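Written below as structure tokens is the structure these notes are about.
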Amino acid sequence: MSTELEDDLSRVLGRAAEGAPQAPTGFPGRIAARSRRRRTRTWTLVAAVAMVIVAGGLGVTLRGADEARPAQTRSPDPVEKVWPDAVWKIPRQLPNLPDFRPLIFIDDRTVLLWTPKSDGRADAIHAYDLGTGRTRKIADIPSAKWEYSSYFAVGAGRIVWQMIDKNDHTRFWSVPVSGGKPAAIDTGGPVRARSEKLAVAGDRVAFSLADGGVFTFPLRGGSVTPVAGAERHHILRWPWVATPSDYRQDREPSFRELLNAETGQASNAVVRPGERYVRCGVTTCVGMRPDDTRFYRLRDGSRERDLPGSPVLGLGDDRFLAADPPGAAGGQVLLDLATGKQGDLGLRPSGKGRMTGVEPNILDGGLVSYQLKDQYMIIDLARIR
């Protein structure tokens, strides 16, 4: 195992005990040679998915290790106190922007904002400087009737997105990060299928289809080329792609088969008999055992941990989970499974014990955003160490 790979796995999971087994040779290493503070992100980051949860208890233990991390017994501090360098607050209404949604990080201090038309489709995109609070318009989003935009990505100095029509045909557009007039990327005609995710990979754009299959084309325009061996796969975090797809109705594990689209390196995640709702990221998997307890572990089956009893539906950046906190106050916390730290998201249930929460998702990247009173909370998972 290379030193670089071991350092990365240490970052993701931490060392539960000195004698814990190491991942085998060939286990997925550095994700797309990712720097934690690269100037631009080259994969798609999507706003956190809303869900409904019920408050409960929280505790994390480790199975099969000499030394277990103790469960939290006190109320956690707010996320902005636990990770002050990774959390920002944006007013829900900005000058000339009464309605907007945070989408992705353009760079270390800039967030891409999306503003809607009256019918809910995208109207324009803007850049928001987290340091100064200033906003600048990047471009209007052109769209024909019955077309909608989705899955914005940043890379090579450009913002790329897709336009999908009522027949699920997909076209791709881009604009410089500095701003300007958007231009359609010529791929020889629309892709006659619905694309689900984008990534900018150097001078090429990669995308996967909702029904499976990964393809690339030149960022400046050119033919669409299928990725060999990825006919059934979906982009997790470029260059890693996987199959089967997310949220399987038949309880089949999601993203069990992993493939590096650039090197051809492949592996299968360990799934034990009777396990359900297993969802795997690039380095880790979460799921439910036959006894209904939840787990979190490496893809090779090692370093397994118990998870809180709250729904295990998403795992951001292969290590972050939104879970129910301890105590009577209720609410939701962001739990870092690599360090055991947790921060209170500030959300609270209604008088009926229910609330709207957030879900850091395996398919998302480093941005988590949610509304809290008159503000948007912005969390950059890549800044959390």
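Taking a ≥ b ≥ c as the square roots of the eigenvalues of the Cα gyration tensor, region 144-215 is oblate, since a/c reaches 1.5 or more and a/b is not larger than b/c. Taking amide H as placed 1.01 Å from N in the peptide plane, the amide H of Leu347 sits under 5 Å from that of Gln332, each at least 5 places away or on another chain.
What is the percent carbon and sulfur in the accessible area of region 162-246, measuring with a 1.4 Å probe over the protein chains and ignoring ligands?
Carbon and sulfur together cover 48 percent of it.
Near the amide H of Ile106, within less than 5 Å, lie the amide hydrogens of Val111, Leu112, all on another chain or at least 5 residues away, with H placed in the peptide plane. With contacts taken as Cα pairs under 8 Å at a separation of at least 6 residues, region 88-224 carries a relative contact order of 13 percent. For region 275-302 and region 98-145, compute the distance between their C-alpha centroids and round to whole Å. Each part reduced to its Cα centre gives a spacing of 36 Å. Spin-label model, Ala266/Lys166: points 7 Å from Cα along the beta carbon direction are separated by 4.1 nm. When the Cα atoms of region 159-257 are aligned to their principal axes, the ranges along those axes come out at 45, 30, 23 Å in descending order.
With only Cα atoms counted, region 84-143 has Rg and Dmax values of 11.6, 39 Å.
The values are calculated or read from the model by the stated rules, or taken from the named source; none is laboratory data. Given the structure is predicted, the values throughout are model-derived calculations rather than measurements. Heads up, the Cβs are rebuilt from the backbone with ideal geometry, glycines too, and the neighbour counts pull from every protein chain shown. Just the protein is used for accessible areas: all its heavy atoms, side chains included, with ligands, DNA and RNA removed. Shrake-Rupley method; radii C 1.70, N 1.55, O 1.52, S 1.80 Å.
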